[in-house]
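Just so it is clear, none of the values below were taken in a lab; they were calculated from the coordinates. All figures in this text were calculated on a predicted structure; none of them were measured in a lab. Using ideal geometry, Cβ is built from the backbone for each residue, glycine included, and neighbour counts are taken over all protein chains shown.
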Ligand SMILES: Cc1cc2nc3c(=O)[nH]c(=O)nc-3n(C[C@H](O)[C@H](O)[C@H](O)COP(=O)(O)OP(=O)(O)OC[C@H]3O[C@@H](n4cnc5c(N)ncnc54)[C@H](O)[C@@H]3O)c2cc1C
Ligand SMILES: Cc1cc2nc3c(=O)[nH]c(=O)nc-3n(C[C@H](O)[C@H](O)[C@H](O)COP(=O)(O)OP(=O)(O)OC[C@H]3O[C@@H](n4cnc5c(N)ncnc54)[C@H](O)[C@@H]3O)c2cc1C
Ligand SMILES: Cc1cc2nc3c(=O)[nH]c(=O)nc-3n(C[C@H](O)[C@H](O)[C@H](O)COP(=O)(O)O)c2cc1C
Ligand SMILES: Cc1cc2nc3c(=O)[nH]c(=O)nc-3n(C[C@H](O)[C@H](O)[C@H](O)COP(=O)(O)O)c2cc1C
Ligand code: FES
Ligand code: FES
């Protein structure tokens, strides 16, 4: 009950990630927020630190067969498979819409091959609405590319270097948790020119319907997200933040402002809210409000003071 | 509602794992059942397929500092650190007690070094009460040894070969989920002489108390177990069962008979019940009863018919 | 598709709803009445709400339910107890609050020109047809109903249909009410004898598919309400796709009601339950 | 330690318990009365029960609570609302059922020779001392109580202590009842003036440690009840260890009451809450 710090009414929430100046550290997680349009009736998008779009590839991808989701204890599996209309349609529809919303746009980039990543970025270079790229080398739901690039150092570095050569814009690389040593991969992409890393993507998992004896997902395996994975995500953020110099963006099971604080303490400079959006479409601003309230209650003047402030 | 199969009142529950003939596939998971004594007032131990003991090392280990557990969404973290009285005391106290219980005893073996694993097994060779060994190369809670042996092929194979040379008894190797490719490790230990593999051990995770800004575990990181990890465990069992010829024992988040069925369908020949014992000390027999009931309801004559019977 | 197109329709609401009543109305079937003034005012037949039944993280996702009826400030939901969510729903009592997103999706869209509509309901497929039957009757459209269920105890909303339809014919798998057999026997006959201008179907996907084929044969336009597993319910996650002649569409915003002619029946329906 | 030693004591029971009453008795403090005939008959002062508050997997683990009082078929639990489990507990109402494992652990163990016992309670530390006070008084032992809390509203079980103790002295951090300051002021004075044969302490670990030091200085035997995070509660998981001069012991079966002299105060207590 005792008040350790002077009470401040509004903390400075600004953070800088990969050269991007964000009004606060709360971003959306790719694939859980589409391009924001569906959420615009529930929240004021301009309150967010940034919107990260659904993964975009060069041509349209049809994604996987249905069923594509299954619920698990405190989590969910998805095997959407990066269904998207391709970068051309994305620019015409989503980017155009987003560019009027007064929020930085981070485009999540997918590819089946190294060249495809580069060509998507090249196409996006002419779009002024793009603030940064998040390169997804960690999707467990596609057969070629996706996670295959993110589970060993050399391909992870190769994708990063190739994209780096194609753009001067801030470059975030999104890492997979399905690895023995995530710090090693983080170092490899840092050395290859990433300005920041985001982690974690989903954990590869599976669900079975005992009654029908069939997998719950048509694709059999899928990506696990939600509160169930928070302990793993938090551990990886903590490990990676100590292993590299560029900023870390924390993702995985964030539902509340307190969860976001935990990720910041572990070393994340910003956070992304994913599955929580499905549970409560106002989750992003709820997380932001919770974070603000925490700062006020604890007399935190700058939210960036929390970054890596875990007392071990 | 339709009845696909003739109703049978009692299925044949026997399974054979690593040359061990078990009366049913429900075992305890190491470290969650001590040596069974604490549970003997709640359940009839002789109903179990096998009791797997807490990890045993050559000398007494003190384990880690407290706090050693933290609750997470649908799971828990532990950092017990293999506290145990050493193999001598284990034989005098635990094995002696267990030998009168009419249940096969699988001794879970720990070591800081390859030599230590071997010496623990050598000491146990003279004990007739030992039915099999489960070699733990996957504990995330010790600094030396433990998971370090389980996260790459060569050391995993080396420990397996060394123990194999020391015993003719059934040899189970317990694998870590904290790896990029668990099938590769499974193949390595199979080639080195393992008669079966059990998986998964805990996922490395972390929890933070935002209010105190401190990690919830004294050791900072710990092992995640419980329903939260079931999708990951199930996926790994499925992958490994298709990659190796020796039996797989499934562990991770099993709370009900239906969970056990899912692991069998994914390819496990037997299952272990861990964290569930803390929630409900009768969990092992509850899982067994649920499995029996499932077999009756689905007209399954032999529980072994379920193994790998997933329809993909 | 233009931006304007995508923005079409009023934005769904997030509303705190209160349980007014929750009664058992059949074998494992409950009828939930919710005070939901804003959703009740906006909902059209065939739309649904996405309910957050529990606030813990144990089961995380919302559950989609059709609005069975709407009157004044109240919406009614007809639900079948299947798993964790619906078991929990059955425990809710008067005064409990939850939150709902709605109204969601595209409803039945009956053209002005339709003078006679045949509704075909299989099991809980009756749920999204209740409000449709009422509104059509109120608008002077003739309504016929073909209803099927495993047994008499699962023939829900029968009184509603009987009060507004000019003809209700029933089939049950076990013959405990109406004809023994599938509802498709009845729908085939009514298609011939009643000569409707439009068929609206909801039920298990194989049944919906069979009725769609009957309608196509009879040269009658047919609309089907499809179920898919839904995470977000608002068009963002792509978990609920239906393969159509126009590509993969989202059941939650582009459906759940589709023109039967555009559906590629790919067997991706929700697995049947026991 | 022999096998017999480890098997000592009756085996704890798994009992389905029913809520008889659940009332707010202080700031964020509740008193829960449970019908638990078997536990009630077997429990000794200082023992605890391990309660399964919810059956979902959202929060998985049981929660340990001292038995505050036991009479007839009833046990009483005094609890402070802190997190998910105790918030949920506060929602339980008459007629709700849960399951409990108990009685667990080693209680206060007061030697026959003790004629006068000083109880020192800090905050909810009063919980495991209630039954002890009653039983000692009934057995003719003189009881004195030093009780502390943050404020008057948190001085729980005060009436119980006043009804059975020959002297109750109180301190509150904010001075809203008794002396302003820590309970250690009061315990120091009572140690001198009352000259007890035994001190029994429960409260935040720094406070327990301070009282233990006072008792040692005064040459009086002291027992402390310690809290550790507990998964199993029955001795199997080793999550609850206390470092003692005799090695690491399990608070759930070797404690929660320890001889203060054997405790190595290693700062591993449960972190304080706000
Ligand atoms: C647009 C739409 C309208 C619906 N309207 C109704 C209705 O009016 N009445 C009714 O009883 N049911 C309706 N359903 C089905 C209802 O949503 C499911 O029965 C319910 O979600 C089952 O939840 P559970 O937790 O009991 O089952 P669980 O098996 O525990 O659910 C696990 C997961 O599967 C999903 N799920 C399970 N079955 C279905 C299903 N048939 N369709 C979609 N998702 C499912 C759940 O949402 C959850 O994510 C509708 C479904 C959709 C898509
Ligand atoms: C032997 C023993 C007896 C106890 N007796 C009482 C009592 O009579 N009255 C009372 O109010 N409290 C008592 N406690 C503490 C009580 O168990 C915790 O306050 C309670 O578990 C908090 O649960 P929560 O879900 O509200 O908090 P959360 O913070 O959500 O709990 C998270 C986890 O931490 C554990 N935990 C949190 N605080 C404590 C704590 N102080 N001690 C042990 N574990 C904790 C919980 O069991 C759970 O596993 C006792 C603890 C022990 C070990
Ligand atoms: C339905 C769904 C779709 C996703 N699509 C993408 C994607 O297109 N690109 C990507 O990098 N991550 C994708 N992700 C991963 C999330 O961005 C996030 O990393 C992950 O879900 C963990 O965060 P959470 O627990 O907050 O959801 C997706 C996740 C979900 C649940
Ligand atoms: C408290 C605790 C202690 C454990 N100790 C051991 C151990 O000594 N040796 C071992 O191989 N695994 C140990 N494990 C791992 C379990 O045996 C099991 O692999 C893991 O908990 C996953 O199963 P579960 O989700 O059913 O608990 C321990 C787990 C817990 C929770
Ligand atoms: S449920 Fe998310 S897009 Fe339809
Ligand atoms: S709580 Fe498990 S040993 Fe004490």
*List the relative contact order of chain B as a percent without decimals, with contacts defined as Cα pairs under 8 Å and 6+ residues apart.*
22
*In whole angstrom, how far apart do the alpha carbon centroids of the stretch C:12-74 and the stretch D:19-91 sit?*
35
*For chain B, what does the equivalent ellipsoid look like in terms of its semi-axes, each the square root of 5 times an eigenvalue of the Cα gyration tensor, given largest first in whole Å?*
28, 22, 20
_Computed label-point distance, nm, for sites residue A:293 and residue B:44 using a 7 Å Cα→Cβ extension_ = 5.3
*For the stretch B:107-248, count the residues as N, evaluate 2.2 N^0.38 Å, and divide the Cα radius of gyration by that value, please.*
1.09
*For chain C, calculated [θ]222 nm from helices alone, where every DSSP H run of n ≥ 4 adds -39500 (n - 2.57)*: -6500 deg cm²/dmol
*Can you give me the Cα centroid spacing of the stretch A:187-258 and the stretch B:178-223 in angstrom?*
15
*In whole angstrom, note down how far apart the Cα centers of the stretch B:42-69 and the stretch B:109-158 are.*
15
*Provide an ascending nm list, one decimal, of label-point separations from residue C:138 to the equivalent residue in each further copy; define each label point as 7 Å from Cα along Cα→Cβ.*
6.8
*Considering Cα pairs under 8 angstrom that are at least six residues apart, work out the relative contact order of chain D and quote it in whole percent.*
16
*Contour minus end-to-end for residue B:21 and residue B:311, with contour as 0.36 nm per residue of separation and end-to-end as the Cα-Cα distance?*
101.7 nm
*Hey, can you rank B:73-84, D:95-106 by average C-beta count inside 10 Å, highest first?*
B:73-84, D:95-106
*Estimated 222 nm signal from helices in chain A, with DSSP H stretches of n ≥ 4 weighted -39500 (n - 2.57), rounded to 500*: -8000 deg cm²/dmol
_Looking at the protein assembly as shown only, what percent of DSSP beta bridges run antiparallel? Nearest 5 please._
50
*Translational D (Stokes-Einstein, µm²/s) of the stretch C:116-267 at 20 °C and 1.002 mPa s when Rh comes from the Kirkwood sum over C-alpha pairs?*
138
*Could you give, in nm with one decimal, how far residue D:180 is from each other copy of that position, shortest first, with labels 7 Å out from Cα toward Cβ?*
8.9
*asked:* Using Cα springs under 10 Å in a Gaussian network model of chain C, which residue among C:159, C:112, C:227 shows the largest mean-square fluctuation?
replied: C:112
*Identify, for chain C, the residue whose C-beta comes nearest the rotation axis onto chain D, and round that distance to whole Å.*
C:58, 2
*Find the relative contact order for the stretch D:110-255 and round it to a whole percent, using C-alpha pairs within less than 8 Å whose residues are 6+ positions apart.*
21
*At q = 0.14, 0.19 Å⁻¹, what is the base-10 log of I(q)/I(0) for the stretch B:154-312 according to the Debye formula with one equal point scatterer per Cα and no solvent? Please give it to two decimals.*
-0.76, -1.16
*Partner chain coverage, peptide A:232-239 - average Cβ within 10 angstrom*: 6
*Taking B:164, D:63, C:94, C:248 and counting other C-beta atoms within 10 Å, the order from fewest to most*: C:94, C:248, B:164, D:63
*Across peptide B:58-69, how many C-beta atoms of other chains are within 10 Å of each residue C-beta, on average?*
5
_Can you list the copy-to-copy distances for residue D:152, using a point 7 angstrom from Cα toward Cβ, in nanometres, shortest first?_
6.9
*asked:* Counting only other chains, and only Cβ atoms inside 10 Å, what mean value do you get across the residues of A:200-209?
replied: 6
*Would you order B:30, C:113 from fewest to most other beta-carbon atoms within 10 Å of each residue's own beta-carbon?*
C:113, B:30
*Relative exposure of C:184, D:86, B:72, judged by other C-beta atoms within 10 Å (fewest first)*: D:86, C:184, B:72
*Quick one: helix B:114-125 against the long Cα principal axis of chain B, what's the angle to the nearest 10°, folded into 0 to 90?*
60
*Along each of its three principal axes, how wide is the spread of alpha-carbon positions in chain D, in whole angstrom units, largest first?*
50, 47, 36
_For peptides D:144-153, B:206-215, B:251-260, C:23-32, sequence by mean Cβ density within 10 Å, most packed first_ = B:251-260, D:144-153, B:206-215, C:23-32
*State whether the stretch D:3-104 is rounded, prolate or oblate according to the following rule on the C-alpha gyration tensor (a ≥ b ≥ c being the square roots of its eigenvalues): a/c under 1.5 gives rounded; otherwise a/b larger than b/c gives prolate, and the remaining case gives oblate.*
prolate
